[in-house]
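Peer 1: Handing you this structure, nothing more for now.
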Amino acid sequence: MARAQVMKLTDAAATRIRELMAKGEGVGLRVGVKNGGCAGMEYTMEWAKEQGKFDEVVEQDGARLLIEAKALMFLLGTEMDYQTGVLKSGFVFNNPNQTSACGCGESVEIKPAAMNA
């Protein structure tokens, strides 16, 4: 029986990651969370030069995410989107585990996913 993906990508996010991967940036986009900001946690993203031993790999439509093991319980069920606006473009996380965000939008409060989810 196949496992469900930890995260899903919208078409826009997958397209943007594929575009960046085509430039030879690395083996995929590593996503995680860290403590910080006024709400308590921040999402992290960086291009991975190699896959880590404990990274969870999500491949969708030619795009590749590497999710840090310590972030799995915080990102379970998250949909990652890429939005383009007049003044700002970037990746957006639609996370069912997020309980609040700070006013500036740079940090969030996230509870770990329920084990039965």
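Peer 1: How much length would be gained if the chain were fully extended between Lys111 and Val92, taking 0.36 nm per residue of separation minus their Cα-Cα distance, in nm to one decimal?
Peer 2: 5.1 nm
Peer 1: Moving to a separate point now. How much net charge surrounds Arg18 when only other residues with a Cβ under 14 Å from its Cβ are counted (Lys, Arg +1; Asp, Glu -1)?
Peer 2: Spelling it out: positives minus negatives among the neighbours equals -2.
Peer 1: Please report the relative contact order for the chain, taking Cα pairs under 8 Å with a sequence separation of at least 6, and give it as a percent rounded to a whole number.
Peer 2: Values: 222 pairs, mean separation 33.2, N = 117.
After rounding, I find 28 percent.
Peer 1: Over 23 Å between C-alpha atoms is what I'm after, so list which of Lys49/Lys88; Lys8/Lys34; Lys49/Lys70; Lys70/Lys111; Lys8/Lys111 land there.
Peer 2: Result: Lys49/Lys88 exceed 23 Å.
Peer 1: Quick one: 3J(HN,Hα) in Hz for region 14-21, Karplus 6.51/-1.76/1.60 with θ = phi - 60°, rounded, Gly and Pro as x.
Peer 2: The phi angles translate into 4, 4, 5, 5, 4, 4, 6, 5 Hz.
Peer 1: Please arrange Phe54, Phe91, Phe74 by counting, for each residue, the other beta carbons lying within 10 Å of its beta carbon, fewest first.
Peer 2: On the way: Phe54 11, Phe91 18, Phe74 21.
Lowest to highest Cβ neighbour count: Phe54, Phe91, Phe74.
Peer 1: With each pseudo-label sitting 7 Å past Cα toward Cβ, what's the Ser100-Arg18 distance in nm, one decimal?
Peer 2: Label at Ser100, label at Arg18, 4.0 nm between them.
Peer 1: Which net charge results when you count Lys and Arg as +1 and Asp and Glu as -1 among the other residues whose beta-carbon is under 13 Å from that of Ala69?
Peer 2: Values: positive: Arg30, Lys53, Lys70; negative: Asp55, Glu56, Glu68.
That sum, taken over residues with Cβ under 13 Å, equals 0.
Every number here is computed from the coordinates shown, using simple stated rules; none is lab data. Owing to the predicted nature of the structure, the values given are computational and were not obtained by experimental measurement. With ideal geometry, Cβ positions are generated from the backbone for all residues, glycine too; neighbour counts draw on all protein chains shown.
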